[in-house]
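J.: Could you have a look at this structure, given as structure tokens, before my questions?
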Amino acid sequence: MKFTFTDKKVTMPKAVHDYAEKKVGKLDRYFPTEASAAVVFSVEKGRNNVEVTVRSGSTILRASESTADMLASIDTAVADMERQLRKNKAKLEKRLRKDAFVRSADDTSFAPDEPEEEYEIVRAKRFPILPMTAEEAVLQMNLLGHDFFAFRNEGSNGAFAVVYKREDGGYGLIEDEG
């Protein structure tokens with residue numbers, strides 16, 4: 001697994017990076033191709049935050065945690081990712097390594113399988129996706145009272161995009177790379 005570490009507003013000692021590499025590296029067994037992991041460390045208001053993103057092919061797994069101890073944040077984030085993988089095991093089996101969920105004698109990280117959650121689409125809507133600027137899309141989203149709005153971004157040659165409200169009060173933009 002390839003690792004990228006980012007320290008925001010804090011400088012983490014190498015021992016913390018090594019610890020994160022060891023813990024996150026255990027997730028490598030789930031992926032058939034070499035995965036890459038991005039680990040972001042930050043400290044805000046006395047809380048140690050860690051955000052872990054693992055990419056393998058088209059599968060992206062992400063978890064973030066905030067605790068009083070950085071090592072505990074790493075442990076919790078990795079546990080959350082393993083729980084996500086187990087919870088969605090049936091849906092991910094085609095993308096993951098064949099023996100990813102086989103338990104070994106020394107593996108104590110597995111908890112009993114959680115019941116599989118069904119994804120039920122309870123409503124479908126159809127609407128035209130119009131070309132506009134990101135600023136116009138934010139205005140339209142606010143006029144509708146929605147938390148997100150899909151549109152074709154005029155600033156990106158009509159690429160599909162979504163604007164959304166962030167928890168911090170700002171706005172985010174998600175764009176198609178193609």
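J.: Yes or no: Val52 modelled with pLDDT of 85 or more, surrounded by 13 or more Cβ atoms within 10 Å (Cβ to Cβ) and closer than 20 Å to Glu82 by Cβ?
T.: yes
J.: When the residues of the stretch 55-88 are narrowed to those that are assigned to a helix (DSSP H, G or I) and among the β-branched types (Val, Ile, Thr), which ends up most open to solvent (accessible area, probe 1.4 Å)?
T.: Out of the qualifying residues, it is Thr76.
J.: Give the stretch 139-156 a look and list any residue that's at positive phi and assigned to a strand (DSSP E or B), or say none.
T.: none
J.: Would you point out which residue out of Arg123, Arg97, Arg103 is modelled with pLDDT under 80, among the basic types (Lys, Arg), over 20 Å from the mean Cα position of the chain (by Cα) and assigned to a loop (DSSP other than H, G, I, E, B)?
T.: Being modelled with pLDDT under 80, among the basic types (Lys, Arg), over 20 Å from the mean Cα position of the chain (by Cα) and assigned to a loop (DSSP other than H, G, I, E, B) holds for just one of Arg123, Arg97, Arg103, which is Arg103.
J.: Just a yes or no: is a residue in the stretch 29-41 in contact (Cβ under 8 Å) with a residue 40 or more places away in the chain, touching a helix residue (DSSP H, G or I) at 6+ places or on another chain (Cβ under 9 Å), within 18 Å of Gln84 (Cα to Cα) and hydrophobic (A, V, I, L, M, F, W, C)?
T.: Among the residues of the stretch 29-41, not one is in contact (Cβ under 8 Å) with a residue 40 or more places away in the chain, touching a helix residue (DSSP H, G or I) at 6+ places or on another chain (Cβ under 9 Å), within 18 Å of Gln84 (Cα to Cα) and hydrophobic (A, V, I, L, M, F, W, C), which makes the answer no.
J.: For Lys2, indicate whether it is in contact (Cβ under 8 Å) with a residue 40 or more places away in the chain and surrounded by fewer than 16 Cβ atoms within 10 Å (Cβ to Cβ).
T.: Judged against the criteria, Lys2 is not a match.
J.: So in the stretch 12-35, with the set limited to residues that are modelled with pLDDT under 90 and of a type in the set (Ser, Thr, Tyr), which one is surrounded by the most Cβ atoms within 10 Å (Cβ to Cβ)?
T.: Tyr30
The values are calculated or read from the model by the stated rules, or taken from the named source; none is laboratory data. Worth saying up front: this structure is predicted, and the values here are computed from it rather than measured. Don't worry about glycine lacking a Cβ; one is built from the backbone with ideal geometry, like all the others, and counts go over all protein chains shown. Keep in mind that these areas ignore ligands, DNA and RNA; they rest on the heavy atoms of the full protein, side chains included. Shrake-Rupley method; radii C 1.70, N 1.55, O 1.52, S 1.80 Å.
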